[in-house]
Amino acid sequence: MLDALSERLGRTFSRLRSGGRITEAQLDEALREVRVALLEADVHFQVVRDFISHVRERALGREVLRSLTPGQQVVGIVHEELTALLGGDAQELLSAETTPSVYLLAGSKGSGKTTLAARLGLHLARRGERPLLVAADFERVAAVEQLRALGESADLPVYAGQRETPAAEIGARALEEAKRSGATAVVVDTRGAVDLDDDLADELIDLADATDPTEVLIVVDAMTGQSAVELAREFHDVLEGTGIVVTKVDSDTRGGAVLSVRAVTGLPVKFITTGERLEALEPFHPERFASRVLGMGDVVTLVERAKEAVGERDAKAVAQRVASGEFDLQDFLNQMQSLKQMGSMAGLLEMMPGMSGMAGQFDDHELTRSEAIIRSMTPEERRRPQILNGSRRRRVAAGSGTTPADVNRLLNQFAKAKKLLQAMTGGGRGGGSALRELLRMQ
Ligand code: GDP
Ligand code: MG
C-alpha cells in the first residue's frame with residue numbers, strides 16, 4: 001500500500017533525522033524530495049504545493065531548525081500536515097434519526113460499489129444494525145446476481161426489483177420492504193458508468209430523491225488515481241455527496257487518490273478498502289493513515305483487527321496454553337487462520353512501527369503451505385511434534401504436496417514461535433511495542 005511513496009519519504013526523513021542541525025538549504029532539499037515523491041504518487045499538484053508551503057512555513061517559523069532535534073520536529077510537522085490534508089479527525093458514518101438509515105453508493109464502473117455494498121452491510125451488522133442490501137443496477141444482468149451472492153456470503157438479505165423498473169422506483173419499494181421487515185439500515189448499490197453522463201446523473205438524482213439518503217458515499221478507485229478524484233468531484237457536484245470511500249488501497253497504487261480526494265472534493269473519507277475479502281473495510285482515521293504512510297506504523301488498527309479476528313476469549317485461552325507449555329501445532333494452525341482473517345501478512349507488517357520495510361518479503365502462499373502441512377498431520381502428531389520422524393515427515397510432505405524440507409522448515413518455525421510466545425507471555429521481554437500491545441489484550 002503506497003509502498004513507493006512510503007519508501008521515498010522514509011529515506012528522505014531518515015537522512016534528515018540522522019544529522020544534528022539543519023540549515024534552511026537542507027530543509028529545502030528535503031522538501032523538494034517530498035514534493036517529488038508526492039507528485040510521483042499522483043497527488044494533485046495544487047495540493048502538493050499547498051502542502052509543502054505549509055510545512056516549510058511551520059518549520060521555519062517555530063525555530064525548529066535551531067532546536068536540538070530538528071529532523072524529528074520536521075517529520076512531526078509533516079505528520080501533522082498530512083493528517084490535516086487527510087481530513088483531521090476521523091468522521092464516523094452518520095445514522096438517521098429515524099430508521100432506516102439509507103446509504104447510497106455512487107461511483108464509476110468497476111470502482112468497487114457492489115462489493116462495498118456487502119462490506120458496508122457486514123460492517124453495520126457487526127455494529128448491531130439489521131441491514132438490507134438493495135440492487136438498483138440493472139445494466140448488467142450479472143450485477144444483481146453478484147450482489148445476491150455477496151449478500152449470501154455475508155448472510156444479509158438482498159432486495160432486487162424487476163428488470164426495466166426505474167432505479168427510483170426500486171429505491172422506494174426497497175424502503176417499504178425495509179420498514180416492513182424491520183431493517184435498520186439500507187445500502188443501495190447503483191449503476192456505474194465510465195463517465196458521469198446525463199442519463200446516469202438523472203437516474204441517481206431521482207434515486208436520491210426517492211430514498212432521501214442519510215449518506216451519499218462516493219466510491220473512488222485508488223488504482224485510477226487523479227481521474228478518479230476528478231470524477232468524484234463531478235459526482236459530488238451532481239449528487240451532493242456526504243463522504244468518500246477509497247477502494248483498492250491495497251493494490252500497487254501510487255496513493256494520489258487517497259491523499260488528494262479530501263482536498264479536492266472537501267468531503268471526508270469515511271472508509272478505505274484494502275483487499276478482495278469482504279472484511280477488508282477499514283474506517284478511515286487520518287492520523288493513523290498518515291503514520292502508515294510515513295512508516296510509523298498503525299498499532300491501534302492492528303490491535304482492533306486482532307481483537308476482531310481472534311476474539312478476546314480465544315486470545316486468553318491461547319495465552320494460557322502458551323504459558324503452560326501446551327501450545328501445539330493445532331494451536332499454531334488456529335493462529336495462522338486468525339492471522340489470515342486479519343488480512344495479508346504484508347498488510348499487517350505495514351502497520352507495525354519500523355516493520356513496513358519488511359512487508360515486501362512476506363508472501364501469503366507460505367502461510368497457505370504451512371496450513372496444508374499441518375492439515376496432513378494426525379491429531380497425535382499435531383499435539384506431539386517430536387514424534388515426527390523421517391518417515392512421518394515424508395508422509396506429511398507427500399500428503400500436503402510439499403517437500404520434507406518444507407516440513408522441516410515449518411517445524412523450525414513452530415519451535416521458534418513457541419519460544420518467542422513463551423518469552424513474551426513470561427515477562428514481556430523483547431518484542432516491539434506492537435507485540436506488547438497485542439499481548440495486552442491476552
Ligand atoms: P462496481 O462495478 O463498482 O460495482 O465494482 P465491483 O464491486 O464489481 O468491483 C470490481 C472489482 O474490484 C471486483 O473484482 C472486486 O473484487 C474488486 N475490488 C473491490 N474492492 C477492492 C479492493 O479493495 N481491493 C482489491 N484488490 N480489489 C477490489
Ligand atoms: Mg456493481
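Calculate one ³J(HN,Hα) per residue across the range 68-74 by plugging θ = phi - 60° into the Karplus curve 6.51 cos²θ - 1.76 cosθ + 1.60, and present them in order as whole Hz with x for glycine and proline.
7, 10, x, x, 4, 5, 5
Sketch the reach of a paramagnetic label on Asp199 as a point 7 Å from Cα along Cα-to-Cβ, and name the residues of the range 149-170 whose backbone nitrogen lies under 20 Å away.
Of the residues in the range 149-170, 161-170 have backbone N under 20 Å from the label point off Asp199.
Would you kindly find the accessible area of Lys113, with a 1.4 Å probe and non-protein molecules such as ligands, DNA and RNA excluded, rounding to the nearest 10 Å²?
The accessible area comes out at roughly 10 Å².
Starting at the first residue of the range 371-380, write each ³J(HN,Hα) from the Karplus equation 6.51 cos²θ - 1.76 cosθ + 1.60 with θ = phi - 60°, in whole Hz, x for Gly and Pro.
So the J values, rounded to whole Hz, are 4, 4, 5, 5, 5, 7, 8, 6, x, 5.
Please compare each pair in Lys109/Lys270; Lys179/Lys270; Lys248/Lys416; Lys248/Lys418 to a cut-off of 31 Å on the Cα-Cα distance and tell me which ones are over it.
Lys248/Lys416; Lys248/Lys418
Return the sequence-ordered ³J(HN,Hα) values of the range 26-36 in whole Hz as given by the Karplus equation 6.51 cos²θ - 1.76 cosθ + 1.60 applied to θ = phi - 60°, using x for Gly and Pro.
So the J values, rounded to whole Hz, are 5, 4, 4, 4, 5, 5, 4, 5, 4, 4, 4.
Give the long-range amide H neighbours of Ser101: residues separated by 5 or more places, or on another chain, with amide H under 5 Å away, using H modelled in the peptide plane at 1.01 Å from N.
Amide H neighbours of Ser101, under 5 Å, 5+ apart: Ala96, Ala185, Val186.
Would you grab the residues whose amide H sits under 5 Å from the one on Tyr159? Only those 5+ places off in sequence or on another chain, please, with H modelled 1.01 Å from N.
Under 5 Å from the amide H of Tyr159 lie the amide H atoms of Leu133, Val134, Ala135, each far enough along the sequence or on another chain.
In percent, how large is the relative contact order of the range 1-137, given Cα pairs closer than 8 Å and 6 or more residues apart?
21 percent
Please find the FRET efficiency linking Glu176 to Glu230, where r is the Cβ-Cβ separation and R0 is fixed at 30 Å, and quote it to the nearest 0.05.
Efficiency, rounded to the nearest 0.05: 0.25.
Counting only residues 5 or more places away or on other chains, whose amide H sits under 5 Å from the amide H of Gly243 once H atoms are built in the peptide plane?
Answer set, sorted by chain and number: Val216, Ile218.
Rank these by accessible area, largest first, 1.4 Å probe: Arg58, Arg21, Arg394.
Listed by decreasing accessible area, they come as Arg21, Arg394, Arg58.
The values are calculated or read from the model by the stated rules, or taken from the named source; none is laboratory data. Computed from a predicted structure; not experimentally measured. Here Cβ is always computed from backbone atoms with ideal geometry, including for glycine, and neighbour counts include all displayed protein chains. We work out accessible area using only protein heavy atoms, side chains counted, and drop any ligands, DNA or RNA first. Shrake-Rupley method; radii C 1.70, N 1.55, O 1.52, S 1.80 Å.
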